[in-house]
1. In segment 52-77, what residues are of a type in the set (A, V, I, L, M, F, W, C) and either open to solvent by 40 Å² or more (accessible area, probe 1.4 Å) or at positive phi (or both)?
2. Pairs, please: C-beta under 8 Å, at least 6 apart or cross-chain, first residue in contact (Cβ under 8 Å) with a residue 24 or more places away in the chain and in segment 6-21, second crowded, with 17+ Cβ neighbours inside 10 Å and not in a strand (DSSP E or B)?
3. Which one of the conditions (1) in contact with a strand residue (DSSP E or B) (Cβ under 8 Å, 6 or more places away or on another chain); (2) open to solvent by 50 Å² or more (accessible area, probe 1.4 Å); (3) within 27 Å of Val110 (Cβ to Cβ); (4) of a type outside the set (S, T, N, Q) does Phe33 fail to meet, given that it meets all the rest?
Amino acid sequence: MLITDATAAAGMPDGRYRLGSMEVDVKDGVCSFDGKLAGSVLTMDRAVRNLAQFAGWSVSESVSAASRNPARVAGCGGKGVLSAGADADFLVLNEEGEVLRTFIGGVEAVS
C-alpha cells in the first residue's frame, strides 16, 4: 500500500512556507527547517509514479496500491473502486501517472 504523510507544503513550488509555528524551506522536493528534514512533500500521484518506476510496475498496478488496497484494508466500502454504488471519486491520469482530471462524487473538480 502507498501512503503519504505529506505536510501542507506538498505540491508547492520551491520556497518558504509556514507549517504551524515554524517556517520551512522546500527545495528540490525536500522540506527542511534549519537544515534538517521537516516533513514530507510527497504527493500521492508522485508516490504512484515512484512505485511504477522503482518496482517496474505499470501505472495501473501502482494505482491499486494507492486506492483499492488501502480502502479494502481500512474497510472503506465505496472507495478505491469504480463500480455501481461506489462513491465515484476518481482521477484521470496520463500514461506517465500525472493527474489530468479529478472527479468527486462523479462531478469534475475544477481548479
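1. Correct list: Phe54, Ala55, Trp57, Val63, Val73, Ala74, Cys76.
2. Here the result reads Ala6/Val41; Ala6/Leu42; Thr7/Val41; Ala9/Val41; Ala10/Val41; Ala10/Leu42; Gly11/Val41; Met12/Val41, each pair linking segment 6-21 to a residue that is crowded, with 17+ Cβ neighbours inside 10 Å and not in a strand (DSSP E or B).
3. Going through the list (1) in contact with a strand residue (DSSP E or B) (Cβ under 8 Å, 6 or more places away or on another chain); (2) open to solvent by 50 Å² or more (accessible area, probe 1.4 Å); (3) within 27 Å of Val110 (Cβ to Cβ); (4) of a type outside the set (S, T, N, Q), Phe33 breaks only (3).
This table checks each residue for (1) under 14 Å from the mean Cα position of the chain (by Cα); (2) free of Cβ contacts under 8 Å to residues at least 12 places away in the same chain.
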position	(1), (2)
Gly56	no, yes
Ser60	no, yes
Val63	yes, no
Ser67	yes, no
Gly78	no, yes
Glu98	yes, no
Ile104	no, no
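The values are calculated or read from the model by the stated rules, or taken from the named source; none is laboratory data. Since the model is a prediction, treat every value here as computed from it, not as a measurement. Note: ideal-geometry Cβ built from the backbone for every residue, glycine included; neighbour counts use all protein chains shown. Surface accessibility is based on the protein's heavy atoms, side chains included, excluding ligands, DNA and RNA. Shrake-Rupley method; radii C 1.70, N 1.55, O 1.52, S 1.80 Å.
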